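For reference, the structure discussed in these notes is given below.
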């Protein structure tokens with residue numbers, strides 16, 4: 001079980017788009033993958049939960065979190081083997097942990113928590129809430145964006161994760177993100 005949540009060794013730089021829902025993570029993940037002619041790891045939870053909603057009209061429940069985490073890290077491990085430059089991760093297990101605690105009274109499965117903290121990335125891009133909210137079947141906290149943003153930033157600080165705050169337009173975010181990735185690639 002635990003090996004299903006552990007990162008496998010890889011030769012690429014790994015960056016994570018991190019933050020509350022509807023803050024441009026997927027859009028920027030795709031832009032960065034195109035910019036670097038590399039690969040991005042989509043958010044497994046989105047497909048998993050959309051399927052659940054479509055078939056059962058149910059939202060995320062605590063028992064969904066470990067299958068989501070396993071699916072996310074499986075995708076990441078598979079795709080990390082397909083690049084030796086930079087892997088753009090639309091999310092990570094720490095994001096799943098933050099959502100677990102936010103939605104389920106501070107609770108998180110201990111195994112998920114362990115790997116959310118232990119798995120490592122070269123840099124996190126924390127996406128700010130200055131983009132318009134886009135509603136869909138899964139997003140449900142438009143009134144709590146600032147609170148959720150603060151929760152995400154607090155997690156990065158608590159676990160001493162290296163991060164850069166991204167604000168502004170799509171172009172401004174892309175420019176700042178590529179500047180930081182380029183600096184990391186020079187050191188690689």
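What the table below lists for this structure:
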item	result
Residue in the stretch 102-130 that is farthest from residue 168 (Cα to Cα), counting only those that are without any contact (Cβ under 8 Å) to a residue 40 or more places away in the chain and surrounded by fewer than 16 Cβ atoms within 10 Å (Cβ to Cβ)	110
Residues (closer than 18 Å to residue 121 by Cα, in contact with a strand residue (DSSP E or B) (Cβ under 8 Å, 6 or more places away or on another chain) and either free of Cβ contacts under 8 Å to residues at least 40 places away in the same chain or assigned to a loop (DSSP other than H, G, I, E, B) (or both)) located in the stretch 1-29	10, 12, 19
Lone qualifier among 66, 75 - being assigned to a helix (DSSP H, G or I) and at pLDDT below 95	66
Identity of the residue in the stretch 70-101, surrounded by fewer than 19 Cβ atoms within 10 Å (Cβ to Cβ) and free of Cβ contacts under 8 Å to residues at least 60 places away in the same chain, that ends up farthest from residue 14 (Cα to Cα)	101
Residue check, residue 23 surrounded by fewer than 21 Cβ atoms within 10 Å (Cβ to Cβ) and at negative phi	no
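The values are calculated or read from the model by the stated rules, or taken from the named source; none is laboratory data. Nothing here was measured: the structure is a model prediction, and the numbers come from that model. Note that we place each Cβ from the backbone using ideal geometry, even for glycine, and neighbour counts take in every protein chain shown.
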